[in-house]
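S.K.: Okay, here's the structure, questions in a sec.
The values are calculated or read from the model by the stated rules, or taken from the named source; none is laboratory data. Remember, predicted model here, so these are calculated numbers, not experimental data. Cβ atoms come from the backbone with ideal geometry, glycine included; neighbour counts cover every protein chain shown.
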Amino acid sequence: MSLRAFAECWNQFFFQPKSPLPIASFRILYGILVIANLLLLWPDWLAWFGVHAWMSLSTMYKVEPGIRLNLFTVIPQNDRWSEAIFWVGLIWAAFVAIGFLTRLSSIATFLCLASINERNLFAFHAGDTFLRIAGFFLIFAPAGAALSVDRILRVRKGREGLEIASRSPWAQRMIQLQLSFVYFFAFWWKSMGAPWVNGTALYYLNHLDEIHRLPIPGLFQSPIFTKVGSWLTLALEFSLGVLIWFKELRYPLLIAGVLFHLTLEYALNVPMFQWEMISAYVLFVDPADLERAGRWTRARTAAISRIRFGASPSRV
Amino acid sequence: METPLIAEFKGLIRPYMFWSGLFQGWDMFAPEPRSVNAYVEAAVIYKDGRIHNWKFPRMEQLGLTERYYRERYRKYVENLQVDSNAALWPDAARRIARLNEEDPSNPPAIVMLIRYWSDIVPRPDGSYRPEPSRARIFFEYNVKPEDLK
């Protein structure tokens with residue numbers, strides 16, 4: 001491949017205008033997931049972010065010195081202000097979900113997520129990390145170009161036509177690449193551990209009391225299933241990290257990935273992680289398929305409404 | 001694969017990744033999943049010598065709903081018991097003292113953090129037998145009056 005051809009491929013991949021439907025769909029899911037995360041944190045909010053939290057701000061500085069994107073360091077040090085960050089984060093995340101003041105709300109939501117992560121690095125898992133990084137790239141994406149209040153307002157004011165214009169997808173590509181990195185490096189790290197290679201890894205996970213959610217049937221705990229399951233995990237994480245970029249393999253891999261995460265959601269108690277990963281799959285769906293799915297959903301909703309209300313005597 | 005070049009590069013970009021909120025690590029259950037069931041409890045010794053055993057929420061002892069929103073404790077306790085995170089121990093002890101202050105005339109005087117653990121040992125037939133549990137006091141904190149304010 002010549003350098004010129006490489007540059008063309010690069011530009012095409014990152015900058016050739018594409019439909020913003022996938023990134024707009026992801027924005028909705030991202031907003032909902034941030035809201036869910038904040039609500040799950042709320043019962044113990046002050047235990048993690050209050051003045052007398054499990055880890056003080058001064059300890060946090062000591063453990064991880066340096067400048068941080070952390071709103072908790074600039075607010076007055078009392079619990080009311082700490083709670084205010086929760087409410088502000090919740091409101092902006094709701095704005096992200098509905099696509100209102102999309103750019104601004106994406107920035108505010110990312111700041112909130114970064115702050116709660118930076119305030120207590122020791123209570124957050126990989127799902128929080130993915131959400132935070134995806135939120136960073138969402139700031140630069142045309143996430144409000146479709147399926148948003150912003151767009152409705154623009155169309156009403158005559159600033160935009162009814163047809164959704166294509167946009168540069170580079171920020172969407174960055175989130176896609178980030179998702180690939182997650183899977184590839186998860187595979188990479190696992191491939192360096194003997195239990196994953198010799199097939200005993202799932203035995204440990206099956207008997208790690210603190211991580212269990214629902215009971216795993218005995219059959220799936222047998223040595224053969226443990227081995228096959230450990231190796232399948234490696235194969236799937238590698239495939240989702242690398243092979244997902246091949247169009248022909250994409251949908252089968254996305255389906256396998258959804259099944260994989262739903263299985264983990266059943267077996268392991270790592271709240272929201274699986275949903276956060278699955279949410280980003282929408283970025284790999286062809287916009288034409290998303291439109292088709294949207295039309296099908298609208299037609300079904302209309303049909304159900306007709307059946308439910310159409311023959312109602314009060315409406316006849 | 002931590003070559004000197006990769007380590008140098010990581011050291012170079014690390015402050016910027018932290019500053020921008022883009023820091024990340026994807027070693028979930030890797031390179032090896034944890035091979036111990038471990039949890040942390042605290043012994044709170046009051047001024048009059050009475051001892052109270054305080055427990056962090058343990059996921060396996062919670063209902064499904066509570067387990068979902070309290071999972072942060074699992075992650076935190078997983079980190080708390082690691083020696084390299086010793087900087088977290090005084091704050092944890094202080095908070096436990098505050099949580100257990102019932103009578104101002106008889107305040108908590110000492111908080112001890114205790115780690116309990118039991119190894120997970122694979123068996124050829126895939127069966128599981130819990131190994132004997134062991135315990136170690138890994139931190140002792142003398143509570144000061146200002147800690148309870």
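S.K.: Of B:I110, B:I114, which residue is surrounded by 13 or more Cβ atoms within 10 Å (Cβ to Cβ) and more than 16 Å from the chain's Cα centre (by Cα)?
M.R.: Exactly one residue qualifies, and that residue is B:I110.
S.K.: Considering only the range B:128-149, state which residues are exposed (fewer than 11 other Cβ atoms within 10 Å of the Cβ) and more than 25 Å from B:A92 (Cβ to Cβ).
M.R.: Across the range B:128-149, the qualifying residues are B:R129, B:P132.
S.K.: Hey, another quick one. Restricting to the range B:50-69, and then to whatever is in a strand (DSSP E or B) and in contact (Cβ under 8 Å) with a residue 40 or more places away in the chain, can you tell me which residue is nearest to B:D103 (Cα to Cα)?
M.R.: Checking each candidate, the answer is B:H52.
S.K.: Could you please find all residues in the range B:60-95 being within 29 Å of A:S58 (Cβ to Cβ), aliphatic (A, V, I, L, M) and facing chain A (nearest Cβ under 9 Å)?
M.R.: Narrowing the range B:60-95 to residues within 29 Å of A:S58 (Cβ to Cβ): B:69-95.
Applying the additional criterion that residues be aliphatic (A, V, I, L, M) yields B:77, B:80, B:82, B:86-88, B:92-93.
Passing the criteria: B:V77, B:L80, B:A87, B:L88, B:A92.
S.K.: Please specify each residue of the range B:9-49 satisfying the condition of being over 28 Å from B:R94 (Cβ atoms), within 8 Å of chain A (Cβ to nearest Cβ) and of a type in the set (A, V, I, L, M, F, W, C).
M.R.: Those that are over 28 Å from B:R94 (Cβ atoms), within 8 Å of chain A (Cβ to nearest Cβ) and of a type in the set (A, V, I, L, M, F, W, C): B:W19, B:L22, B:W26, B:M28, B:F29, B:A30.
S.K.: Select, from A:G229, A:G241, the only residue that is small (G, A, S) and more than 22 Å from the chain's Cα centre (by Cα).
M.R.: On the way: A:G241 fails: more than 22 Å from the chain's Cα centre (by Cα).
Going through A:G229, A:G241 in turn, the sole match is A:G229.
S.K.: I'd like the full set of residues that are within 11 Å of chain B (Cβ to nearest Cβ) and either surrounded by fewer than 19 Cβ atoms within 10 Å (Cβ to Cβ) or among the hydroxyl-bearing types (S, T, Y) (or both), limited to the range A:17-40.
M.R.: A:A36, A:L39, A:L40
S.K.: Still on this structure, I have one more. Out of A:L121, A:L113, which single residue is surrounded by fewer than 21 Cβ atoms within 10 Å (Cβ to Cβ) and touching an Asp or Glu at 6+ places or on another chain (Cβ under 9 Å)?
M.R.: The conditions single out A:L121.
S.K.: Tally up the residues in the range A:75-94 that are over 28 Å from B:L88 (Cβ atoms) and within 14 Å of another protein chain (Cβ to nearest Cβ), please.
M.R.: 0
S.K.: Turning to a different aspect of this structure: For the range A:95-110: of the residues being surrounded by fewer than 22 Cβ atoms within 10 Å (Cβ to Cβ) and not in a helix (DSSP H, G or I), which is farthest from the other protein chains (Cβ to nearest Cβ)?
M.R.: If we take residues in the range A:95-110 being surrounded by fewer than 22 Cβ atoms within 10 Å (Cβ to Cβ) and not in a helix (DSSP H, G or I), then A:F100 is farthest from the other protein chains (Cβ to nearest Cβ).
S.K.: Here's something else I'd like to know. Scan (1) in a helix (DSSP H, G or I); (2) more than 20 Å from A:F122 (Cβ to Cβ); (3) in contact with a Ser or Thr (Cβ under 9 Å, 6 or more places away or on another chain) for the single condition B:A87 breaks and write down its number.
M.R.: (2)
S.K.: Could you pull out every one of the helices (runs of 4 or more DSSP H) wholly within the range A:112-224 that has 1 or more residues that are more than 30 Å from B:N37 (Cβ to Cβ), within 13 Å of chain B (Cβ to nearest Cβ) and modelled with pLDDT under 90?
M.R.: Numbers: elements: A:126-138, A:149-156, A:170-191, A:194-198, A:201-206.
Of the helices (runs of 4 or more DSSP H) lying wholly inside the range A:112-224, none has at least 1 residues that are more than 30 Å from B:N37 (Cβ to Cβ), within 13 Å of chain B (Cβ to nearest Cβ) and modelled with pLDDT under 90.
S.K.: Can you tell me which of (1) more than 14 Å from chain B (Cβ to nearest Cβ); (2) surrounded by 12 or more Cβ atoms within 10 Å (Cβ to Cβ) is the one A:R300 doesn't meet?
M.R.: Of (1) more than 14 Å from chain B (Cβ to nearest Cβ); (2) surrounded by 12 or more Cβ atoms within 10 Å (Cβ to Cβ), only one is false for A:R300: (2).
S.K.: Please find, among A:S180, A:S191, the residue that is under 24 Å from B:A30 (Cβ atoms), without any contact (Cβ under 8 Å) to a residue 60 or more places away in the chain and surrounded by fewer than 22 Cβ atoms within 10 Å (Cβ to Cβ).
M.R.: Numbers: A:S180 fails: without any contact (Cβ under 8 Å) to a residue 60 or more places away in the chain.
The match here is A:S191.
S.K.: Would you tally the residues in the range A:100-129 being within 16 Å of the chain's Cα centre (by Cα) and charged (D, E, K, R)?
M.R.: The number of residues fulfilling the criteria is 1.
S.K.: Between a residue in the range A:268-280 that is under 10 Å from A:L131 (Cβ atoms) and any residue that is crowded, with 20+ Cβ neighbours inside 10 Å and of a type in the set (S, T, N, Q), which pairs come within a Cβ distance under 7 Å, given they are 6 or more apart or on different chains?
M.R.: Correct list of pairs: A:M272/A:N37.
S.K.: Hey, another quick one. Of the numbered conditions (1) over 21 Å from A:V258 (Cα atoms); (2) buried (at least 16 other Cβ atoms within 10 Å of the Cβ), A:R159 fails exactly one; give the number of that condition.
M.R.: Of the numbered conditions (1) over 21 Å from A:V258 (Cα atoms); (2) buried (at least 16 other Cβ atoms within 10 Å of the Cβ), the odd one out for A:R159 is (2).
S.K.: In this structure, is A:Y251 in contact (Cβ under 8 Å) with a residue 40 or more places away in the chain and either of a type in the set (V, I, T) or in a helix (DSSP H, G or I) (or both)?
M.R.: Working: in contact (Cβ under 8 Å) with a residue 40 or more places away in the chain: no; either of a type in the set (V, I, T) or in a helix (DSSP H, G or I) (or both): yes.
Considered against the rule, which asks whether it is in contact (Cβ under 8 Å) with a residue 40 or more places away in the chain and either of a type in the set (V, I, T) or in a helix (DSSP H, G or I) (or both), A:Y251 comes out as no.
S.K.: On to the next question. Would you mention how many residues in the range A:52-74 are under 24 Å from B:L99 (Cβ atoms) and away from every other protein chain (no Cβ under 11 Å)?
M.R.: So the answer is 1.
S.K.: Note down all Cβ pairs under 8 Å where the first residue falls in the range A:1-18 and is under 19 Å from A:A171 (Cβ atoms), the second is part of a helix (DSSP H, G or I), and they're at least six residues apart or on different chains.
M.R.: Pairs found: A:F13/A:R173; A:F14/A:W170; A:F14/A:R173; A:F15/A:W170; A:K18/A:Q172; A:K18/A:P287.
S.K.: Here's another thing I want to ask about it. Quick one: count up the residues across the range B:70-126 that are among the aromatic types (F, W, Y) and without any contact (Cβ under 8 Å) to a residue 24 or more places away in the chain. Walk me through it before giving the result.
M.R.: Of all residues in the range B:70-126, those among the aromatic types (F, W, Y) come to B:73, B:76, B:89, B:116-117.
If we keep only those that are without any contact (Cβ under 8 Å) to a residue 24 or more places away in the chain too, we end up with B:73, B:76.
Count: 2.
S.K.: Checking the conditions here, which among B:R123, B:R34, B:R58 is within 19 Å of A:Y204 (Cβ to Cβ) and touching a strand residue (DSSP E or B) at 6+ places or on another chain (Cβ under 7 Å)?
M.R.: Working: B:R123 fails: touching a strand residue (DSSP E or B) at 6+ places or on another chain (Cβ under 7 Å); B:R34 fails: touching a strand residue (DSSP E or B) at 6+ places or on another chain (Cβ under 7 Å).
Criteria check complete, one pass: B:R58.
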